[in-house]
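A quick write-up on the structure given underneath.
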Amino acid sequence: MAPKGTAAQTGKDSQVEFTDVKGRKLLFKLNTSGALDYYVDGRQKVSQIKDLRAAGSTLLFDGKRLMTSEKEAEIPKPESEAVVSSIMSLCNKAIPADTATPANIQRCFVQVLRAEGLRAADVSGKSDPYCICGVPRKPSTRDQTARKRRTLAPVWNEFLEIHGYQSGEALDFVVMDHDFMTKDDFLGWARVSGTQISSRYFEGALELKDDGQHGAAGRGAKGKLHVKIFITGGEEEIPIGVEEEKALEAQAPTRERSKSLVSQELAQAVTKELSQVSIIETDDKDDEDFIYLDVGSDELARKVFEALDVENTSRLGSAEVRRFAEILGFQADDSVWAVEYKEVCAAEGWDTEVGPDVTQFVAFVGKPDSMGLCDEDELESVLRELKKQEQAEKEKVARAGRFVCAAWLPKKKTQEMLDSQQREDLISDLFSALDVDEDKHLISAELRRYAEFCGFDGTEDEWSLEYTELCSEYGWEAEEGADLARFTKLVENVQDGGYSANNELRECAASVSATMEEPTNPSRSRTNVWVLRPKTVELRSQRDRSSLVNALFHALDTKSEGLLGPDELRRYAELCGFDGDEDDWAVEYAEVCHEFGINARGGATREQFAKLMDTKAGQADLSTSELARMIDEVKQQAYIVERRRPALIRKRSTWRPLTTNFEILRTFSLFLRKQFVSADEAFMAFTSKPFGRLTKAAFLEEIQKFEFEGDAESVFRLLALGSIYIVKKHIKWAWNLLAPEDLVRARKKTREDRARSRGKSNFSVTSTFSPSNSPVIVTGEDVKEALFPPAD
């Protein structure tokens, strides 16, 4: 057996052998037909490997599996680079799986025409349908149509190519309803058997049925799907009739060099490849992210409008606008809101009797100087919060509304009313709301509710110790608890995690009064956040590593959505040594999404974060004590960016720089975007065939015409991994590689617009809405003096 993690090239050019992290003996070997096979402990697991990719120290691949679910191999890190290089070199010498058995390989083209009679999945009585097509149990063959908005009879008339289709295989069609807030809804399933398309052509209306995997949604499936299927062999092109030619021309990008069939190249959705960062087999659970990027701010704003318009009046009255304002951070009583609503209507030109229509609302949330300005991430968070509120109402569960960001900026008159409210009264109201037994004291359980609102997220034992430390620090008896005076001392201490600004006092009181459910993370706009006492941190460090990694994830997840977006991951990266500006982070985030398969718009899951933590962040060997301390550092940085960042001590700089492979691919992606207006047009520049396949020689010849300054051979190698050609989806994938960068820069612009608009107003410590979540803090010198009193 070869040394652990070392490539042993028996026969030099025929195989690569190594031991994986589980201690198994793995072998990649060229078979007698020239294709690449995969063995585990001497037993063949996969034959005719295709779509081989490297993600850090993990190899991902597809192929013909022999009684196994093997689709990845993890290499020990010290030797991973050498092993990956050896395997990729061997892979480039192999005959691609698509050509290893040429007699069995077909090209399959599907024309998805239209559907009718679909189930209404949305509250509006409509659906947002799209259709996925692929070979059963072969996710790598899937392709899908664009989404059609608010219809039960969508007309797509789109062509798809099912890559990797083999003679005799069936095709599955699944129609889904896209949902911005939750997982997409199932509308129906149909299958065309291999026998039905054995004649190389099929046309028909498929009845949509239950696939047995979606519960009540499946049982409600109905409608028909109209499709055509064409089967060809080798490089044979699709047999185009008059109707098909018109459909292709209707979708085609226009280019001067396009002649006859060249101008008929398909223009499919640009959105799905980002969720399939590696062109490999993906899990079914990722299907819901296929069309994440097919969304703009205006459409998200319309979705928010529809969710708020529960009465279906096509207008948002005072109550609906207030609901939106409260999710964006507004907290005040009815009399204050009445003034605020009139001020907003006057400023925006709305009729106070009926409120804004959808056009006015979309303009309101997109205008730079509006108090309702939201970026796409914030709009999605608003939608999720509205969904949670709707679900709570259906289940008749008391639930306090939560605001997702400090975006709402009150009008001047309203702000004056809020500033006139006495802070002592707000503290007293909160104390009364927390004092469940009305004994004028807050004991451990009652005070814990406030601590959790401020960000405490420890165990029972950790809170018990934390409460004991609080009693000692603030001078009250543990059994008696804190009276109003001692509680006020805690709330007023700006150097402690128990400090709350006036708007936070209102929010906490409203939350406590509305429900007894345990709070999650504190609001994103908190002026301060609960930090554990040293003895509690020491106790926390006794947890196992997995528990602490989950706690770290939770501390970073300031929106309590189970995902870490670009802002949350940047806070973590900075603790690990990343020290760039927003533009630098945009590039880093794109690489992180690429390497770990993260959906850029959604964010990293717990599993993806754990892998990132061990590899990109270089913290696999972090001790439990260091992890426990990092959790508190993360919480301080996450909520008080400008206050706490200078105080953070980075003991180690472990954040790893961009990989060479990513920089090569990014250079190519930038080149595509500079030369062309879309991925479709870019692909048309490289081939004169619809559904063309580019060999290495053809690719290099064409790219030279555009004076590409990067490493063209490496680009082809990284795109084609394991194949002798690249196809359109490779070019689209390269184009979308920069989508995470676009996302980060778009958010930056929104925040800058908001910061500029807030610069017109004066803020104080008692201001209802702290702008501490903006990249530029515009609180004024009065706030700085209040938070950082000069030394005597």
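The values are calculated or read from the model by the stated rules, or taken from the named source; none is laboratory data. Fair warning: this is a prediction, and the values are worked out from it, not measured in the lab. Cβ sites come from the backbone with ideal geometry, for glycine too, and all protein chains shown count toward neighbours. To get the accessible areas, we keep the full protein, side chains included, count just its heavy atoms, and leave off ligands, DNA and RNA. Shrake-Rupley method; radii C 1.70, N 1.55, O 1.52, S 1.80 Å.
From the list Phe596, Phe578, which one is among the aromatic types (Phe, Trp, Tyr) and under 16 Å from the mean Cα position of the chain (by Cα)?
Values: Phe578 fails: under 16 Å from the mean Cα position of the chain (by Cα).
The conditions single out Phe596.
In the stretch 409-433, which residues are without any contact (Cβ under 8 Å) to a residue 24 or more places away in the chain and not polar (S, T, N, Q)?
Initially, the stretch 409-433 is screened for residues without any contact (Cβ under 8 Å) to a residue 24 or more places away in the chain, giving 416, 420, 422, 425, 432.
Listed by number, the residues that qualify are Glu416, Asp425.
Every residue in the stretch 123-138 that is assigned to a loop (DSSP other than H, G, I, E, B) and within 24 Å of the chain's Cα centre (by Cα), please.
Pass one, the stretch 123-138, residues assigned to a loop (DSSP other than H, G, I, E, B): 123-128, 135-138.
Passing the criteria: Ser127, Asp128.
Among residues belonging to the stretch 325-343 that are outside any helix (DSSP H, G or I) and crowded, with 16+ Cβ neighbours inside 10 Å, point out the one that is farthest from the chain's Cα centre (by Cα). Reasoning before the result, please.
Within the stretch 325-343, the first condition is being outside any helix (DSSP H, G or I), and the residues that meet it are 328-333.
Subset that is crowded, with 16+ Cβ neighbours inside 10 Å: 328-332.
Details: Leu328: 21, Gly329: 23, Phe330: 27, Gln331: 29, Ala332: 33 Å.
This residue is Ala332.
Where the second residue is open to solvent by less than 10 Å² (accessible area, probe 1.4 Å) and part of a loop (DSSP other than H, G, I, E, B) and the first is more than 19 Å from Glu492 (Cβ to Cβ) and lies in the stretch 442-462, which pairs have Cβ atoms under 7 Å and are six or more apart or on separate chains?
Filtered contacts from the stretch 442-462: Ile443/Gly481.
Which number in (1) in contact (Cβ under 8 Å) with a residue 60 or more places away in the chain; (2) in a helix (DSSP H, G or I); (3) in contact with a Phe, Trp or Tyr (Cβ under 7 Å, 6 or more places away or on another chain) marks the one condition that Glu568 misses?
(3)
Residues are listed down the side, and each one gets a yes or a no for (1) modelled with pLDDT of 80 or more; (2) surrounded by 15 or more Cβ atoms within 10 Å (Cβ to Cβ); (3) more than 33 Å from the chain's Cα centre (by Cα); (4) hydroxyl-bearing (Ser, Thr, Tyr):
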| position | (1), (2), (3), (4) |
| --- | --- |
| Asp13 | no, no, yes, no |
| Val21 | yes, yes, no, no |
| Thr32 | no, no, yes, yes |
| Arg43 | yes, no, yes, no |
| Asp51 | no, yes, no, no |
| Glu74 | yes, yes, no, no |
| Ile95 | no, yes, yes, no |
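Output the number of residues of the stretch 735-747 satisfying the condition of being open to solvent by 50 Å² or more (accessible area, probe 1.4 Å) and not hydrophobic (A, V, I, L, M, F, W, C). Steps first, please.
Keep residues of the stretch 735-747 that are open to solvent by 50 Å² or more (accessible area, probe 1.4 Å), which gives 742, 745-746.
Filter once more, so that each one left must be not hydrophobic (A, V, I, L, M, F, W, C): 742, 745.
Looking only at that region, the number is 2.
Go through the stretch 369-484 and tell me which helices (runs of 4 or more DSSP H), entirely inside it, have 1 or more residues that are among the basic types (Lys, Arg) and within 31 Å of the chain's Cα centre (by Cα). Before you say what the answer is, go through the steps one by one.
Values: elements: 376-394, 412-420, 423-434, 444-454, 460-474.
Per the criteria, 376-394, 444-454.
Identify all residues within the stretch 586-612 that are among the aromatic types (Phe, Trp, Tyr) and over 21 Å from Trp735 (Cβ atoms); write none if there are none. So that I can check it myself, show each step before the final result.
To start, the set of residues in the stretch 586-612 that are among the aromatic types (Phe, Trp, Tyr) comprises 589, 596, 609.
Hit for the stretch 586-612 is Phe609, nothing else.
Among the listed residues Ala146, Ala120, which satisfies the condition of being of a type in the set (A, V, I, L, M), in a loop (DSSP other than H, G, I, E, B) and farther than 25 Å from Ala170 by Cα? Break it down stepwise before answering.
On the way: Ala146 fails: farther than 25 Å from Ala170 by Cα.
Among Ala146, Ala120, only Ala120 is of a type in the set (A, V, I, L, M), in a loop (DSSP other than H, G, I, E, B) and farther than 25 Å from Ala170 by Cα.
Consider Asp298 carefully, then state whether it is surrounded by fewer than 18 Cβ atoms within 10 Å (Cβ to Cβ) and without any contact (Cβ under 8 Å) to a residue 12 or more places away in the chain.
No, not satisfied.
Only residues that are among the aliphatic types (A, V, I, L, M) and modelled with pLDDT of 85 or more: list them for the stretch 727-738, please. Even if it seems obvious, please write down each step before you answer.
Here is the first cut: in the stretch 727-738, the ones among the aliphatic types (A, V, I, L, M) are 727, 731, 734, 737-738.
Listed by number, the residues that qualify are Ile731, Ala734, Leu737, Leu738.
Please state which one of Pro136, Pro129 is at pLDDT 85 or above, farther than 30 Å from Val16 by Cβ and surrounded by fewer than 22 Cβ atoms within 10 Å (Cβ to Cβ).
On the way: Pro129 fails: surrounded by fewer than 22 Cβ atoms within 10 Å (Cβ to Cβ).
On inspection, the qualifying residue turns out to be Pro136.
Is it true that some residue in the stretch 205-213 is modelled with pLDDT of 85 or more, under 12 Å from Val110 (Cα atoms) and hydrophobic (A, V, I, L, M, F, W, C)? Show your work before the answer.
As a first pass, look at the stretch 205-213 and keep what is modelled with pLDDT of 85 or more: 205-213.
Right, trim to under 12 Å from Val110 (Cα atoms) and you get none.
No, because not a single residue in the stretch 205-213 is modelled with pLDDT of 85 or more, under 12 Å from Val110 (Cα atoms) and hydrophobic (A, V, I, L, M, F, W, C).
Out of the residues in the stretch 675-689 that are more than 19 Å from Ser714 (Cβ to Cβ) and open to solvent by 70 Å² or more (accessible area, probe 1.4 Å), which is modelled with the highest pLDDT? Break it down into steps so the answer makes sense when it comes.
Taking the stretch 675-689 first, the residues more than 19 Å from Ser714 (Cβ to Cβ) are 676-681, 683-685, 687-689.
With open to solvent by 70 Å² or more (accessible area, probe 1.4 Å) added as a condition, the list becomes 677, 688-689.
On the way: Val677: 88, Ser688: 68, Lys689: 68.
Once the filter is applied, the top-ranked residue is Val677.
So Arg666 ticks every box in (1) of a type outside the set (A, V, I, L, M, F, W, C); (2) surrounded by fewer than 20 Cβ atoms within 10 Å (Cβ to Cβ); (3) over 28 Å from Phe109 (Cβ atoms); (4) within 25 Å of the chain's Cα centre (by Cα) but one. Which box is left unticked?
The single condition Arg666 does not satisfy is (2).
Identify, by number, the condition in (1) modelled with pLDDT under 85; (2) touching a Lys or Arg at 6+ places or on another chain (Cβ under 6 Å) that Arg506 doesn't meet.
Arg506 satisfies all of (1) modelled with pLDDT under 85; (2) touching a Lys or Arg at 6+ places or on another chain (Cβ under 6 Å) except (2).
Considering each residue of the stretch 713-734, count those that are more than 17 Å from Cys593 (Cα to Cα), open to solvent by 10 Å² or more (accessible area, probe 1.4 Å), in contact (Cβ under 8 Å) with a residue 24 or more places away in the chain and assigned to a helix (DSSP H, G or I), and give that number.
Residues in the stretch 713-734 being more than 17 Å from Cys593 (Cα to Cα), open to solvent by 10 Å² or more (accessible area, probe 1.4 Å), in contact (Cβ under 8 Å) with a residue 24 or more places away in the chain and assigned to a helix (DSSP H, G or I): 4 in total.
To keep it simple, each residue is scored yes or no on (1) closer than 30 Å to Arg745 by Cβ; (2) among the acidic types (Asp, Glu); (3) touching a strand residue (DSSP E or B) at 6+ places or on another chain (Cβ under 7 Å).
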residue	(1), (2), (3)
Ala338	no, no, no
Val344	yes, no, no
Asp351	no, yes, no
Ala392	no, no, no
Glu395	no, yes, no
Ala407	yes, no, no
Arg423	no, no, no
Ser428	no, no, no
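Whether any residue in the stretch 630-638 is at pLDDT 85 or above and small (Gly, Ala, Ser) is what I want to check.
no
Which members of the stretch 577-595 meet the condition of being surrounded by 21 or more Cβ atoms within 10 Å (Cβ to Cβ) and part of a helix (DSSP H, G or I)? Working first, answer last.
Of all residues in the stretch 577-595, those surrounded by 21 or more Cβ atoms within 10 Å (Cβ to Cβ) come to 578, 585-586, 588-595.
Listed by number, the residues that qualify are Trp585, Ala586, Glu588, Tyr589, Ala590, Glu591, Val592, Cys593, His594, Glu595.
Which one is surrounded by the most Cβ atoms within 10 Å (Cβ to Cβ), of the residues in the stretch 422-434 that are touching a helix residue (DSSP H, G or I) at 6+ places or on another chain (Cβ under 7 Å) and under 16 Å from Ala510 (Cβ atoms)? Give the derivation first.
First pass over the stretch 422-434, keeping only residues touching a helix residue (DSSP H, G or I) at 6+ places or on another chain (Cβ under 7 Å): 423, 426-431, 433-434.
Filter once more, so that each one left must be under 16 Å from Ala510 (Cβ atoms): 426-431, 433-434.
Working: Leu426: 21, Ile427: 20, Ser428: 16, Asp429: 17, Leu430: 26, Phe431: 23, Ala433: 18, Leu434: 21.
That would be Leu430.
Mind checking whether some residue in the stretch 472-484 is touching a residue at least 60 places away in the same chain (Cβ under 8 Å) and either surrounded by 15 or more Cβ atoms within 10 Å (Cβ to Cβ) or within 19 Å of Val634 (Cβ to Cβ) (or both)? Explain how you work it out, then say what you get.
To start, the set of residues in the stretch 472-484 that are touching a residue at least 60 places away in the same chain (Cβ under 8 Å) comprises 473.
When the remaining residues are screened for being either surrounded by 15 or more Cβ atoms within 10 Å (Cβ to Cβ) or within 19 Å of Val634 (Cβ to Cβ) (or both), the result is none.
So far as the stretch 472-484 goes, no, none of its residues is touching a residue at least 60 places away in the same chain (Cβ under 8 Å) and either surrounded by 15 or more Cβ atoms within 10 Å (Cβ to Cβ) or within 19 Å of Val634 (Cβ to Cβ) (or both).
Within the stretch 344-370, can you find the residues that are among the acidic types (Asp, Glu) and open to solvent by 60 Å² or more (accessible area, probe 1.4 Å)? If you could, list the steps in order and put the result at the bottom.
Let us first name the residues in the stretch 344-370 that are among the acidic types (Asp, Glu), namely 348, 351, 353, 357, 369.
Correct list: Asp351, Glu353, Asp369.
Please work out which one of (1) in contact with a strand residue (DSSP E or B) (Cβ under 9 Å, 6 or more places away or on another chain); (2) open to solvent by 10 Å² or more (accessible area, probe 1.4 Å); (3) not in a strand (DSSP E or B) is the condition Trp156 fails and give its number.
Condition not satisfied by Trp156: (3).
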